[in-house]
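Here's the structure, in structure tokens; my notes come after.
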Amino acid sequence: MPEEQKPEDINPESETEVESEVAEPEESADAETNGDQVEEEPSELDRELEIFQDLQRLRADFVNYKNRVERDRATEREASVAEVMRAFLPALDDIDRAESHGDLVEGSAMAAVAVKLRQAAEKFSLQSFGEKGEKFDPNVHDALVQTPSEDVSEPTVADVIERGYRIGDREIRPAKVAVFVPKED
């Protein structure tokens, strides 16, 4: 146990030293507190900056997600329309054949159906391609028959067996054609 000091044992000079020792830690505590405040402010600012940057990243992620979903939705819609139109192509082919053979008389019920089907196809931007006399392009034409001819200098579509169809830039079906090729000497 520590010994208790009697009042006469206490030296007034030593008392001042004790007070100054006690005062110094208070001043140093104040200095540390002020130093901590200086250090805390940047750390609070750093934390706020970090939170702000996280929010910006989250916002950018959300915007990217939203754009990706809209793009995917548009792609899926185009693919769905293409599949539905692909299912109607045999009917459009039959209408073309009937028209070329003279079986589609204007004013008949079948002619009205043909007009409605073609209008529905146009509504979804279905475009036909493959015309007799155009240059043969293997990217869009499917050659079923090749016939040598002296009348052509490059492969040319001789006859269209089935038209090709596309929606925008997307090809639904290549045109099935007969081709005149230059005759070899």
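The values are calculated or read from the model by the stated rules, or taken from the named source; none is laboratory data. Just so it is clear, the structure is predicted and the values come from calculations on it, not from any experiment. Neighbour counts are summed over all protein chains in view; Cβ atoms, including those assigned to glycine, are modelled from backbone coordinates with ideal geometry. All accessible areas refer to the heavy atoms of the entire protein, side chains included, with ligands and DNA or RNA removed. Shrake-Rupley method; radii C 1.70, N 1.55, O 1.52, S 1.80 Å.
Before moving on, here are some points about what is shown:
- Condition met for Ile161 (aliphatic (A, V, I, L, M) and open to solvent by less than 40 Å² (accessible area, probe 1.4 Å)): no
- Among the residues of the stretch 124-133, those identified as open to solvent by 60 Å² or more (accessible area, probe 1.4 Å) and closer than 20 Å to Asp151 by Cα are Glu131, Lys132.
- Test: residue in the stretch 63-79 that is touching a strand residue (DSSP E or B) at 6+ places or on another chain (Cβ under 7 Å) and modelled with pLDDT under 95: yes
- Meets criteria (of a type in the set (Asp, Glu) and assigned to a strand (DSSP E or B)) for Asp159: yes
- So Arg86, is it assigned to a helix (DSSP H, G or I), within 24 Å of Ile161 (Cβ to Cβ), basic (Lys, Arg) and open to solvent by 70 Å² or more (accessible area, probe 1.4 Å): yes
- Condition met for Asp96 (open to solvent by less than 100 Å² (accessible area, probe 1.4 Å), assigned to a helix (DSSP H, G or I) and out of contact with any Phe, Trp or Tyr (no Cβ under 8 Å at 6 or more places or on another chain)): yes
- Hits in the stretch 104-118 (condition: open to solvent by 80 Å² or more (accessible area, probe 1.4 Å) and in contact with a helix residue (DSSP H, G or I) (Cβ under 8 Å, 6 or more places away or on another chain)): Val105, Met110
- Single unsatisfied condition, Ala121 versus (1) within 35 Å of the chain's Cα centre (by Cα); (2) surrounded by fewer than 13 Cβ atoms within 10 Å (Cβ to Cβ): (2)
- Check on Val152, at pLDDT below 90 and open to solvent by less than 60 Å² (accessible area, probe 1.4 Å): yes
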